[in-house]
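Beneath this line is the structure, given in structure tokens, with notes to follow.
The values are calculated or read from the model by the stated rules, or taken from the named source; none is laboratory data. Owing to the predicted nature of the structure, the values given are computational and were not obtained by experimental measurement. Every residue, glycine as well, gets a Cβ built from its backbone with ideal geometry; the counts of neighbours run over all protein chains shown. These accessible areas exclude ligands, DNA and RNA; they are computed on the full protein's heavy atoms, side chains included. Shrake-Rupley method; radii C 1.70, N 1.55, O 1.52, S 1.80 Å.
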Amino acid sequence: MEHRSLGRTGVSVSKLCLGAMMFGRWGTEDHDESIRIIHRALDAGITFIDTADVYSRGESETIVGKALAGGRREDVILASKVHMPMGDDPNQRGNSRRWIIREVEDSLRRLGTDWIDLYQIHRYDPGTDLDETLGALTDLVRAGKVRYVGHSTFPVSAIVEAQWTARERGRERFVCEQPPYSILTRRIEVDVLPTCARYGMGVIPYSPLAGGWLSGRYSAGADAAAPASEARRRLSDRFDLALPANRRKLDAAEQLAKVAAEAGISLIELAIAFVLRHPAVTAAIIGPRTMDHLESQLTAADIELSADVLDRIDEIVPPGTTINPADDGWVSPTLAAPARRRPAR
């Protein structure tokens, strides 16, 4: 499998990254089956695995640790994340020094490793000083517990501020961004992707299948009801077919399926190959729940989309467009009504 440089780190990673969110009770509860999927991905040439502490409340990290035991750890670029709630205590979450320093130890224990290659801040928190976060991450790098640091779903203003803060305060800089990106979710083409390219940052997009919308799972005849699974219920604004924005996604997906069929490839291959084609993208994160899911996605690494196919995609979903803004992954608190309105006199 082709390898690409992770920004300017000098590290090379496979162009497909195995996302581990679906390993554990959020997806595949059988640990042995999850491990078989991970081993198949490694045997296929994937050298990049991404997980997070919050995935099944640490269970995903535990499964990944089991899969890499016995000599496979050295050959993998291992990424994890911190930020999301890990308990009811308000201090068991976020981007503070207190929580980062504490939680990295738990992630290392669950992963069964002495170091994490790429440790990422899972979401931006405007209430936490970026220097506070970068200071803690810098200490972890200097202690040898973390090799590089990155972030996920950061707004472009925070990406720029973080790079400035690292330079001015002598901190480790964020070397990559992990945004949502798919044919249906293209907002980052406007500013995030060119900004990352300007700073020499890697980009490892998640959800190239748009949460399943580009897998062929949904059809026009689907019942417009709330999603059945627990994960989908938590994200009903992105999956409820009763919402007009999600119906528009379904219409686009059906048009894209026709483009894929005429090109002689699957919709899944079309979707992943599209993400990989952007010059700012390092690797696309695939998140299989089953072995069949993995096999259907691995083949996308060998697909090259023609200019004609890319033009047709642009006609269906114009560049820089996200059909349902809920899919962008982070909504600025400045859009809330109290932030937009002066208090009444």
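I'd like to check one number: the per residue accessible area of region 1-151, probe 1.4 Å, reported in Å² as a whole number.
Numbers: 5930 Å² over 151 residues.
Averaged over the residues of region 1-151, the accessible area is 39 Å².
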Practice item. Give me the Kirkwood hydrodynamic radius of the chain, using the inverse of the mean 1/r over all pairs of distinct Cα atoms, in Å to one decimal. Key: 20.6
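Starting from the coordinates of the alpha-carbon atoms of region 167-317, obtain the Kirkwood hydrodynamic radius over all distinct pairs and give the value in Å to one decimal. Walk me through the numbers before you get to the answer.
Values: mean 1/r = 0.0605 Å⁻¹.
Its Kirkwood hydrodynamic radius stands at 16.5 Å.
With the Cα gyration tensor of region 1-87 giving a ≥ b ≥ c as the square roots of its eigenvalues, does the rule (a/c under 1.5 for rounded; else a/b larger than b/c for prolate; else oblate) give rounded, prolate or oblate? Provide the component values of the computation, followed by the final result.
Numbers: a/c = 2.12, a/b = 1.34, b/c = 1.58.
It comes out oblate by the Cα gyration axes.
If the viscosity is 1.306 mPa s and the temperature 10 °C, what Stokes-Einstein diffusion coefficient in µm²/s follows for region 260-345 when Rh is the Kirkwood radius over Cα pairs?
On the way: Rh = 15.9 Å.
Estimated via Stokes-Einstein, D reaches 100 µm²/s.
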Review point. Roughly how many nanometres apart are two label points built 7 Å out from the Cα toward the Cβ at residue 33 and residue 243?
Key: 2.9
Exercise for review: Could you please state, rounded to a whole Å, how far the C-alpha centre of region 34-94 is from the C-alpha centre of region 315-334?
Suggested key: 28
Exercise for review: Could you order 119, 55, 124 so the one with the most accessible surface comes first? Probe is 1.4 Å.
Suggested key: 124, 55, 119
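At a Förster distance of 45 Å, what's the computed FRET efficiency of residue 304 paired with residue 339, Cβ-Cβ distance as r, to 0.05?
In this case the efficiency is close to 0.50.
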Check your understanding: D for region 88-216, whole µm²/s, Stokes-Einstein with Kirkwood Rh over alpha-carbon pairs at 37 °C and 0.692 mPa s: what number?
Key -> 211
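Lys and Arg at +1, Asp and Glu at -1: add these up for the other residues within a Cβ distance under 14 Å of residue 248 and post the number. Please report the intermediate quantities before stating the final value.
Details: positive: 186, 238, 247, 249; negative: 237, 240, 251, 254, 327.
With Lys, Arg at +1 and Asp, Glu at -1, the neighbours total -1.
How would 277, 8 line up by accessible area, probe 1.4 Å, largest first?
Details: 277 110, 8 165 Å².
Descending order: 8, 277.
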**Study point:** Helix-only [θ]222 nm of the chain, DSSP H runs n ≥ 4, -39500 (n - 2.57) each, per residue, nearest 500
**Key:** -11500 deg cm²/dmol
Practice item. Mind grabbing the accessible area of residue 21 for me, 1.4 Å probe, Å², rounded to tens? Key: 80
Review point. Using the Karplus equation 6.51 cos²θ - 1.76 cosθ + 1.60 (θ = phi - 60°), what ³J(HN,Hα) coupling, rounded to whole Hz, does each residue of region 175-186 give in order, writing x for Gly and Pro?
Key: 9, 7, 10, 10, x, x, 7, 7, 4, 8, 9, 10
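Please list 303, 116 from largest to smallest accessible area, probe radius 1.4 Å, with all protein chains kept in place.
Numbers: 303 40, 116 0 Å².
My answer, sorted largest first, is 303, 116.
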